[in-house]
Amino acid sequence: MPENFRTLSTLLAQVKNALVETLPDQYWIIGEILELHENRNGHCYLELIEKHPKNDSLLARAKGTIWASRYSMLRPYFETSTGTSLKSGIKLLCRVSVEFHPQYGFSLNITDIDPAYTLGDLARKKQEVISRLRKEGVFDMNREIPFPEVPQRIAVISSETAAGYGDFMETIETNSHGFRFSTTLFPAVMQGEDAPGSITAALDKIHESEAAFDCVAIIRGGGSKADLESFNHYDLAYFITQFPLPVITGIGHERDESVADMVASYGLKTPTAVAEFLVDQLLSFEFRLTALYDRMASSVKGRVQGHLSLLDRYRGDLVHFTRGMLLKHSEQLLQTDQLLRRELDMQFTRRKDHLALLVKRTELVNPVNILKRGYSMTLVDGKIISSARNILPGNILNTRLHQGSIVSKVEYTTETDDKRED
């Protein structure tokens, strides 16, 4: 065994003494909180890290402690000054003393925190997100989507039990104008580290059935400035810029504007303001319809009055024209009547002369007149005969003369050709 060996406790004691001699004072350092835990005694234990400014690779890591007596004063002061709580991802400018314990190792005893640095760092991060979105050309994309004239089918992202969601629903369902809306809730975590991912997941579900909605409302009730940090997250803001439906935010803050508010189609202050905005959109549409109705009614009334005037003028013209036409046609009818009467008289005269001629012709062929001229007419059994055919000996003939008749009995007949040659 070497003569100059040391026990572990001895070596670590030397390390502790060396650190005390070398770093006897307190120092202001910058570190980011990786983890933070509070124990039952009121002590706060942190894991502080430093990242590379370009690629976020880990450069340094150390444990930190804020003892209960200090923590009870530093925490409320920090939260009041910054509006946010001590949590993972927050950068601190803190005063520390270096400590080393043989059993628990190296640690930093935090005795003071400068909230002004954290405020500046939060503002810087927010500005970096804004600059990145502008550089990528997506900052105004959601605001460029045409907002529907009648937004009645609303997809709502909120916590189901949040007071802000209740205020939103009460305002929209009991609006004094009686407008009806269809709202569908997509529950999400609305604060803390899980909020950006949860809200993004809800937006993703809405995207699956985007045709069923007119717009999206992201709402939550009032909260601290720390709660607002979730809405400055790059991933959430980018997802809103890429969403195909207009997004309205009502995150329940009056003074500060989050990045989500900036990139949304409309960034409003409270859930109630979102509900009132939607009601106002329908009211505005109703006003436009009323104005259009009034314009149309006025236009129709003017046209009707104009056409009535034309009809009155046309009616007068028609009466005058009708009278003229009737007079003209009555004269034409009178002339036609006279022509018809003359034509009828001429036709009657012609027909009368023709009938007289027919009467004379009929008289000439009258058997009585023929008999007067010495002709006779022979009948057999009451039928006139003109040929000896079918006349048999013994038949009784009745020959009629102009005066009287002769009854004879056939002795015989001779058949001769009655046709005469020219």
**Report entry** Virtual spin-label span in nm between ASP140 and TYR27, 7 Å along Cα→Cβ
**Finding:** 4.9 nm
Query - Selection from VAL15, LEU74, ALA62, by position along the positive dipole direction of the stretch 1-77 (Cβ) - result: LEU74
Query raised in the report: Which whole number of Å³ per residue matches the convex hull of the alpha-carbon atoms in the chain?
Result: 584 Å³
Query raised in the report: trypsin sites (Lys or Arg not before Pro) within the stretch 13-84: which are DSSP loop residues with at most 11 other Cβ atoms inside 10 Å?
Result: ARG40, LYS54
Report task. Report, in debye and to the nearest 20, how large the dipole of the stretch 135-283 comes out about its Cα centre when Lys and Arg carry +1 and Asp and Glu carry -1 on their Cβ. Result -> 140 debye
**Report entry** Expected 222 nm ellipticity per residue - DSSP helices of 4 or more, -39500 (n - 2.57), all of the chain, to 500
**Finding:** -15500 deg cm²/dmol
Query raised in the report: What is the dipole size for the stretch 262-304, taken about its Cα centre, with +1 at each Lys and Arg Cβ and -1 at each Asp and Glu Cβ, in debye to the nearest 20?
Result: 260 debye
**Report entry** Computed over the chain: relative contact order in percent, which uses C-alpha pairs under 8 Å that are six or more apart
**Finding:** 10 percent
Query raised in the report: Between SER72 and LEU12, what FRET efficiency follows from the Cβ-Cβ distance if R0 is 25 Å, with the result rounded to 0.05?
Result: 0.20
Report task. Work from the charge dipole of the stretch 331-422 (Cβ charges, +1 for Lys and Arg, -1 for Asp and Glu, about the Cα centre) and give the residue of LEU358, LEU340, ASN390 farthest towards its positive end. Result -> LEU358
Report task. Enumerate the calculated ³J(HN,Hα) couplings along the stretch 382-387 in order (Karplus 6.51 cos²θ - 1.76 cosθ + 1.60, θ = phi - 60°), each rounded to whole Hz, writing x wherever the residue is Gly or Pro. Result -> x, 10, 5, 10, 10, 8
Query raised in the report: For the stretch 20-59, which semi-axes, largest first and in whole Å, follow from the square roots of 5 times the eigenvalues of its Cα gyration tensor?
Result: 23, 20, 7
Requested in this report: Any chance you could get the radius of gyration and Dmax over the Cα atoms of the stretch 135-283, in Å?
Outcome: 14.0, 44
Query - Cα gyration tensor, the stretch 163-233 - rounded (a/c under 1.5), prolate or oblate - result: oblate
Query raised in the report: Taking θ as phi - 60°, what are the ³J(HN,Hα) couplings along the stretch 96-108 by the Karplus curve (6.51, -1.76, 1.60), each to the nearest whole Hz, with x for Gly and Pro?
Result: 9, 10, 7, 10, 9, 10, x, 8, 10, x, 7, 7, 10
Query raised in the report: Does the stretch 82-223 come out rounded, prolate or oblate by the C-alpha gyration tensor, with a ≥ b ≥ c the root eigenvalues, rounded set by a/c under 1.5 and, if not, prolate when a/b is larger than b/c and oblate if not?
Result: prolate
Query raised in the report: So if R0 is 25 Å, what FRET efficiency would PHE321 and ARG342 give, r being the distance between their Cβ atoms, rounded to the nearest 0.05?
Result: 0.20
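No value in this document is a laboratory result; all are computed from the given coordinates. Keep in mind it's a predicted model, so treat the numbers as computed, not measured. When we count neighbours, we look across all protein chains shown, and the Cβ atoms used for this are built from the backbone with ideal geometry, even at glycine.
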